[in-house]
Amino acid sequence: AFFWVGGLPTAAITDLASTPGVKIKLIDHADLVPAMNRKYGNLYVQDVIPKDMYRGMDADNKQATVMNLLVTHQNMDEKTAYSIVKAIFEHKEELVRVHKEAENFRLENQKKEASPIPWHPGAVKYFSEKGIKLQ
């Protein structure tokens, strides 16, 4: 048994599921999301890993998904933080070529309540320009 956090598909899990004699069983745990959000903040959403994601899965897996956070030191200058966020969102297709999970980087997912820590002013500036209000 083990626990992992990673984008889908996760290469190591794909490799494991493809190993002769190994059958993976993912345990549903989406029902824990409300309690996790109460304890840790609104970082989690209910999601499904489709049964065709990994070899040998018999059913969809209802699970908790954690939001991806890009965290920096509060003293990073605004211009640098702005440039990083801009590069991520304006060159998303390049990131998707590296890992499919980058398809989920969406402006509409950027919400004030999605972060347990304050948003960096550089990120706030970029998202504000795109019509996303974080403050």
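What follows is calculated from the coordinates using simple rules that are stated; it is not laboratory data. This structure is a prediction, so every number in the text was calculated from the model and none was measured. Cβ sites come from the backbone with ideal geometry, for glycine too, and all protein chains shown count toward neighbours.
Data table
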{"read-out": "Ranked by how many other beta carbons lie within 10 Å on average, peptides 77-88, 99-110 from highest", "value": "77-88, 99-110"}
{"read-out": "Share of Cα-Cα pairs in region 11-66 lying beyond 14 Å, as whole percent", "value": "57"}
{"read-out": "Gaussian network model of the chain, springs between alpha carbon atoms under 10 Å - residue of 34, 20, 118 with greatest fluctuation", "value": "20"}
{"read-out": "Stretchable slack from residue 78 to residue 52, in nm (0.36 nm times residue separation minus alpha-carbon distance)", "value": "5.1 nm"}
{"read-out": "Amide H contacts of residue 61 (H built 1.01 Å from N, under 5 Å, at least 5 apart or other chain)", "value": "49, 51"}
{"read-out": "Stretch gain in nm, segment residue 12-residue 68, where the contour uses 0.36 nm per residue and the Cα spacing is subtracted", "value": "18.2 nm"}
{"read-out": "Qualifying aspartates and glutamates (Cα of each under 16 Å from Cα of residue 25; at least 8 residues distant if same chain)", "value": "15, 52, 58, 60"}
{"read-out": "Where only C-alpha atoms are counted, convex hull volume of the chain per residue in Å³", "value": "130"}
{"read-out": "Anchor residue 125: lysines whose Cα lies under 19 Å away (excluding residues fewer than 8 positions away in-chain)", "value": "79, 86, 92, 111, 112, 133"}
{"read-out": "Alpha-carbon centroid distance for the pair region 10-52 / region 86-135, whole angstrom", "value": "24"}
{"read-out": "Sorted peptide list for 56-66, 35-45, criterion being average Cβ within 10 angstrom, highest first", "value": "56-66, 35-45"}
{"read-out": "Spin-label model distance (nm) - residue 22 vs residue 89, 7 Å beyond Cα toward Cβ", "value": "3.8"}
